[in-house]
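K.L.:
One structure coming up, written as structure tokens, with questions to follow.
The values are calculated or read from the model by the stated rules, or taken from the named source; none is laboratory data. Only a predicted model underlies this, so the values are computations on that prediction, with no experimental measurement involved. Cβ atoms come from the backbone with ideal geometry, glycine included; neighbour counts cover every protein chain shown. Calculation scope for accessible area: heavy atoms of the full protein, side chains included, ligands and nucleic acids excluded. Shrake-Rupley method; radii C 1.70, N 1.55, O 1.52, S 1.80 Å.
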Amino acid sequence: MIDIKSKTDLQRLQRLALNRQGLTQSQPFGRGLQGARKAVEHLGYIQIDTISVVERAHHHVLYSRVPGYQPEMLNKLLREQHIFEYWSHAAAFLPIRDFRFSLPYKHAIKSGQVHWFKTPDKKLMREVLARIRSDGPLRSRDLEQASGKRAGWWDWKPAKKALEQLYMQGDLMVASREGFEKVYDLSERVLPEGIDTRNPTPEAFAEHLLNQQLACHGLVTLKGLTYLRRDTALRTAMKSLVAARLTEGSLDELRPPSGEIFFAAHDALDHKSARTRSELQILSPFDNAVIQRDRLKALFDFDYQIECYVPEAKRQYGYFCLPLLYRNTFVGRMDCKAHRKSRTLEIKALHFEQNTDDALLDALAATLKRFSGFQQCDVIELTARSAVTQPLRAALQALDH
């Protein structure tokens, strides 16, 4: 056990984590389409989100790491079979090379060990599958049928449920998206040749997850390694694998001041610490670097919660507050909304963890200019009631002169 006691050593851990996430360099994966592909492969997944008050999370995550990224690039990677869509700990885009590690969950659903829908309509599923086999790819709207008024997303029309069940159990895959709508096709027609389709053992799956997360996080927790995966055999295999690597000396056990136990490769802290970027970064609430909230608190002492699921009267920071990262510190959060018709980015709320200075506000102003462009907005409107509103407005105005 290595106790991390000094501030300097803690900052080394933080820089290691941020560096492996691709947040300390200006273009860690390259630029444009190829940079986006390499980013997905390194990070292991990009979470898909439906909320669009600002650009959707899956695009935001790549924008934060890949200069020249454009939202249409993800669908291009999907159509060209470099990535595929499935469930990680949530709906996600994943590297196609990792396809086999989606199979345990698919097989569990198909065998009835795990339920996606409790009572799937198997007759309708056979009919939907036969239609796709004969007619080619389709969207759920292509299966429209007369029905009564639906109550909401939990009351999808039967054909949509059949599509989703077939997708989740592996008979169908997403071939592409039209806007935000999925286009489904038979898995054998979507998968490129040469992809490994062997169902991994729990031990092989655990080894894949450990290696992948050490690569993209630098340091990991036992809980985080199987984050939101309710697979008892996988969790058991992971505990055994971590214990074996500790025994052989290829893993070190680290304990920062928070008391949380982290694991890192034996030589991880021997390397020169990565420099952190001088730019302030606006991250998505679903960014890979912040999605594990317990890890974020333990490593960066940043207590963060997205509040879109919290009743409005109980929100403290705003509906969709975005974490603000400055060098190796999470300095605050910002609630904003892109008004696309008026091409205006509204800054609705700003909260900082500590006192601000001119350098921090100048960095935020410069980042907001770039971020508003990513939102396809020309105007930044500050409606936040904050002590920094006026100095931030002045910093923004200074950039226009």
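K.L.:
Rounded, prolate or oblate: which one fits region 52-91, using the alpha carbon gyration tensor with axes a ≥ b ≥ c (rounded when a/c is under 1.5, else prolate when a/b beats b/c, else oblate)?
P.N.:
Oblate shape, in that a/c is at least 1.5 and b/c is the bigger or equal ratio.
K.L.:
Ordering His60, His401, His208, His115 by how much accessible area each has at a 1.4 Å probe, largest first, what is the list?
P.N.:
Result of the area sort, largest leading: His401, His115, His208, His60.
K.L.:
Given charges of +1 on the Cβ of Lys and Arg and -1 on the Cβ of Asp and Glu, with all other atoms neutral, how large is the dipole of region 308-388 about its Cα centre, in debye to the nearest 20?
P.N.:
Here the size comes out at about 360 debye.
K.L.:
What is the set of long-range amide H partners of Glu381 at a cut-off below 5 Å, with H atoms built 1.01 Å from backbone N?
P.N.:
Amide H neighbours of Glu381, under 5 Å, 5+ apart: Leu345, Glu346, Ile347.
K.L.:
Just grab the label-to-label distance for Lys297 and Thr389, each label 7 Å out from Cα along the Cβ direction, in nm (one decimal).
P.N.:
Those two pseudo-labels are separated by 3.1 nm.
K.L.:
While we're on this one: How long are the semi-axes of the ellipsoid equivalent to the chain, from square roots of 5 times the Cα gyration tensor eigenvalues, in whole Å, largest first?
P.N.:
Each semi-axis is √(5λ); the values are 36, 30, 19 Å.
K.L.:
Long-range amide H contacts for Leu138: which residues qualify at under 5 Å (H placed 1.01 Å from N, peptide plane, sequence gap of 5 or more or a different chain)?
P.N.:
Tyr184
K.L.:
FRET efficiency for Glu72 and Ala366, Cβ-Cβ distance as r, R0 = 30 Å, nearest 0.05?
P.N.:
The value I calculate is 0.70.
K.L.:
Starting from the Cα of Lys314, draw a straight line to each of the aspartates and glutamates and keep only those under 20 Å, dropping any in the same chain fewer than 8 residues away.
P.N.:
Asp303, Asp335, Glu353
K.L.:
Pop the C-beta distance of Arg141 and Glu279 into the FRET formula with R0 = 56 Å and round what comes out to the nearest 0.05.
P.N.:
The computed FRET efficiency comes out at 0.85.
K.L.:
Place a point 7 Å from the Cα of Ala398 along the Cα-to-Cβ direction; which residues of region 354-387 have their backbone N under 14 Å from it?
P.N.:
So the set is 357-367.
K.L.:
Moving on to the next point. Provide the net charge surrounding Ala57, with neighbours chosen by a C-beta distance below 10 Å and charges set as Lys +1, Arg +1, Asp -1, Glu -1.
P.N.:
Computed value for this residue: -2.
K.L.:
Pairs of alpha-carbon atoms within less than 8 angstrom and 6+ residues apart define the contacts here; what relative contact order does region 305-399 have, in percent?
P.N.:
The normalised contact order for region 305-399 reaches 23 percent.
K.L.:
Still on this structure: Rg (Å, one decimal) plus Dmax (Å, integer) for the alpha carbons of region 305-399?
P.N.:
Here Rg and the maximum Cα pair distance are 13.1, 38 Å.
K.L.:
What length, rounded to one decimal in nm, is gained on full extension from Thr329 through to Asp9, with 0.36 nm per residue of separation minus their alpha-carbon distance?
P.N.:
Difference between extended and current length: 113.8 nm.
K.L.:
Fully extended, how many nm does the chain gain between Glu353 and Lys223 (0.36 nm per residue separation, minus their Cα-Cα distance)?
P.N.:
Here the segment from Glu353 to Lys223 would lengthen by 44.1 nm.
K.L.:
For Lys369, Lys182, Lys118, Lys110, give me the order by solvent-accessible area with a 1.4 Å probe, most accessible first, ignoring ligands, DNA and RNA.
P.N.:
The most accessible residue leads, giving Lys118, Lys110, Lys369, Lys182.
K.L.:
What is the magnitude of the charge dipole of the chain about its Cα centre, with +1 placed on the Cβ of each Lys and Arg, -1 on the Cβ of each Asp and Glu, and no other charges, expressed in debye to the nearest 20?
P.N.:
760
K.L.:
Then there is this: Tell me which of Ile83, Pro28, Gln390 sits at the most positive position along the dipole axis of the chain, charges placed on C-beta atoms (Lys, Arg +1; Asp, Glu -1).
P.N.:
Ile83
K.L.:
So between Glu127 and Glu312, what do we pick up on full extension, going 0.36 nm a residue minus the alpha carbon distance?
P.N.:
62.2 nm
K.L.:
Between their Cα atoms, which of Lys118/Lys223; Lys76/Lys110; Lys38/Lys122; Lys38/Lys182; Lys122/Lys223; Lys38/Lys239 are more than 32 Å away from each other?
P.N.:
Lys38/Lys122; Lys122/Lys223
K.L.:
Which of Tyr309, Met334, Leu360 sits farthest toward the positive end of the charge dipole of region 305-399, with +1 on the Cβ of Lys and Arg and -1 on the Cβ of Asp and Glu?
P.N.:
Tyr309
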